[in-house]
Amino acid sequence: MEGRTTEISMDGCTFESSTTLPLGSLLELVIKPASEEEPIVIEIALVCSARPESMGFRFIGLQPADRRRLSQVILNLLVGQRIRPSKPMR
C-alpha cells in the first residue's frame, strides 16, 4: 500500500491512501522523508482511525535510531514552517 503522510508527530501520523485498513490493524509502516535518503521504519503501527481515503496511525514499535531520525525530520518541518515547539505549560 502506498500513500502520502499529511500530518506527523512522534506518536503517529495521518496517511492518505486509496486503500484503508480496519481499525485495530497492526502493520509495519515505512516513511520516506523527502529530506532523508534512508526510510524511517515504524516496526509496529496501529490503525486508530479510518476515513475514506485516509487513516490515522499510532506508532507502537520504533527503534531508537529511527526515533532519532523521525525527531530530526519533524524538527526540520517545524523550522521550515517557522513554527516553534510550544513551551510546556506550568
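Could you check the spin-label model distance between SER17 and ARG51? Points 7 Å from the Cα along Cα→Cβ, value in nm.
1.7 nm
Placing +1 on the Cβ of each Lys and Arg and -1 on the Cβ of each Asp and Glu in the chain, which of ASN76, CYS13, ILE31 has its Cα farthest towards the positive end of the resulting dipole?
Farthest towards the positive pole: ASN76.
Mind pulling up the Rg/Rh value for segment 4-80? Radius of gyration and Kirkwood radius, both on Cα.
Across segment 4-80, the Cα-based Rg/Rh ratio is 0.96.
Rounded to the nearest 0.05, what FRET efficiency do LEU26 and VAL79 have when you use their Cβ-Cβ distance and R0 = 35 Å?
Approximately 0.60, to the nearest 0.05.
Only the coordinates and a few stated rules stand behind these numbers; no lab work does. Just so we're clear, the structure is a prediction, and the values are computed from it rather than from any experiment. For neighbour counting, all protein chains shown are included, and Cβ atoms are generated from backbone atoms with ideal geometry for every residue, glycine included.
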